[in-house]
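Report on the following structure.
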Amino acid sequence: MRRSVSGSPAAPQGEGHAGPLRGVASTRVAAMATSREQRGSVRTAVVWDALEAALEGRTLDVVDIGGGTGGFAVRLAESGHRVRVVDPSPDALASLSRRAREADLEVVGLQGDVTDLVEVVGAGSADVVLCHGVLEVVDPVLALVNIRQVLRPDGLLSLVVGQRHAAVLARAMAGHFQQARNLLDGRQPVDARTGRRFTAAELEALLAAAGFTTSAVHAVRVFTDLVPSALVDLEPGAAAALVELERAVADRPEYLPLATQVHLLASR
Ligand SMILES: C[S@@+](CC[C@H](N)C(=O)[O-])C[C@H]1O[C@@H](n2cnc3c(N)ncnc32)[C@H](O)[C@@H]1O
């Protein structure tokens, strides 16, 4: 199924409580939304820095495989790129459609997955493919082979993947020692929903085997997931300082094993 979603002004707010209760509730909802947004941008700042630098000054055909509700896709469309999102989830595509409409932007949502990616978007049709948070739950070899096919010569892949060493540490710190042990060698998925974790070296080897040349490797969320969210939400300036700290270590290989995710840029 193919959906083309183009923007239109945001729908009017629904009717809720009347009187002062409504005011209190809406203030709380607004504060929660702001803090969610803030946490989201802290988590993705390092990826955005690299991506925007790589795409700067060009208008490109972008495919976001497993693009979900469009967190990356809509912002890329805002920068002028022609963006298609491929995702198996109709709910995610519906949210993407709403998000694009509210931003008055055109983003194409296509139902599909890594197995039928080439049929869904066409071989050699993309300058850039985003594959963020997807490799964990699919056959990584097949996914990378298919992604390479949809890229044009010299096309760019932006890959974000859960990093194993940090996942082992997180399980151990939560007291889930058996889970941490099971994760150590990467043979077992964390769970069915969140899938497998990879090391940066494994990802580079997978990319090389699929015919990609890796140009950059970044540590993502080295500190963010370890810091209590109340501290970031409530302390003035904390979110910005945390982003700066994440940026300061993103290119330092010694911090890679501590990163929740790894971001790689690779060319076809
Ligand atoms: C963790 S979310 C990541 C969403 C988005 N890429 C981001 O970074 O915010 C994983 C996404 O992968 C999608 N997905 C799951 N299985 C997939 C598959 N076999 N092929 C492509 N996408 C898949 C899910 O529907 C979901 O939207």
message: Can you say whether Gly109 is in the same structural domain as Gly133 (by TED's automatic domain parsing), outside any helix (DSSP H, G or I) and either crowded, with 18+ Cβ neighbours inside 10 Å or within 12 Å of the ligand (Cβ to nearest atom) (or both), as far as the supplied structure shows?
response: yes
- prompt: Is it fair to say Thr69 is among the β-branched types (Val, Ile, Thr) and within 16 Å of the chain's Cα centre (by Cα)?
  reply: yes
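How many of the residues in the stretch 44-72 are of a type in the set (A, V, I, L, M) and within 8 Å of the ligand (Cβ to nearest atom)?
Here the count works out to 1.
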message: Given the condition touching a residue at least 60 places away in the same chain (Cβ under 8 Å) and surrounded by fewer than 14 Cβ atoms within 10 Å (Cβ to Cβ), answer yes or no: does some residue in the stretch 190-206 qualify?
response: no
- line: The correct count of residues that are surrounded by 16 or more Cβ atoms within 10 Å (Cβ to Cβ) and either over 17 Å from the mean Cα position of the chain (by Cα) or under 23 Å from Leu142 (Cβ atoms) (or both) in the stretch 209-222 is 4
- line: Cβ pairs under 8 Å, 6+ apart or interchain, first in the stretch 117-141 and among the polar types (S, T, N, Q) and assigned to a loop (DSSP other than H, G, I, E, B), second more than 8 Å from the ligand (Cβ to nearest atom) and at pLDDT 95 or above, ordered by first then second residue, are Ser125/Asp61; Ser125/Val63; Ser125/Val150; Ser125/Arg152
- line: Residues in the stretch 73-83 that are more than 10 Å from the ligand (Cβ to nearest atom) and in contact with a strand residue (DSSP E or B) (Cβ under 9 Å, 6 or more places away or on another chain) total 6
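Being free of Cβ contacts under 8 Å to residues at least 24 places away in the same chain, closer than 20 Å to Ala167 by Cα, in contact with a helix residue (DSSP H, G or I) (Cβ under 9 Å, 6 or more places away or on another chain) and not polar (S, T, N, Q), is that true of even one residue in the stretch 236-248?
Scanning the stretch 236-248, I find no residue that is free of Cβ contacts under 8 Å to residues at least 24 places away in the same chain, closer than 20 Å to Ala167 by Cα, in contact with a helix residue (DSSP H, G or I) (Cβ under 9 Å, 6 or more places away or on another chain) and not polar (S, T, N, Q), so the answer is no.
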Residue within the stretch 144-162 that is modelled with pLDDT of 95 or more, surrounded by 16 or more Cβ atoms within 10 Å (Cβ to Cβ), within 11 Å of the ligand (Cβ to nearest atom) and farther than 21 Å from Ala45 by Cα present: yes
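One line per residue, one yes/no per condition, for (1) among the hydrophobic types (A, V, I, L, M, F, W, C); (2) under 19 Å from the mean Cα position of the chain (by Cα):
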position	(1), (2)
Asp127	no, yes
Val138	yes, yes
Ile147	yes, yes
Arg152	no, no
Gln163	no, yes
His176	no, no
Leu184	yes, no
Arg187	no, no
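Can you tell me which residue in the stretch 84-106 is nearest to the ligand (Cβ to nearest atom), limited to those that are over 24 Å from Thr59 (Cα atoms) and part of a helix (DSSP H, G or I)?
Ranking the candidates gives Ala92 first.
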Which listed residue, of Ala92, Ala73, Ala53, is surrounded by fewer than 18 Cβ atoms within 10 Å (Cβ to Cβ) and on the phi < 0 side of the Ramachandran plot: Ala53
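The values are calculated or read from the model by the stated rules, or taken from the named source; none is laboratory data. Values in this document were obtained by computation on a predicted structure and should not be read as measured data. FYI the Cβ positions are ideal-geometry reconstructions off the backbone, even for glycines, and counts take in every protein chain you see.
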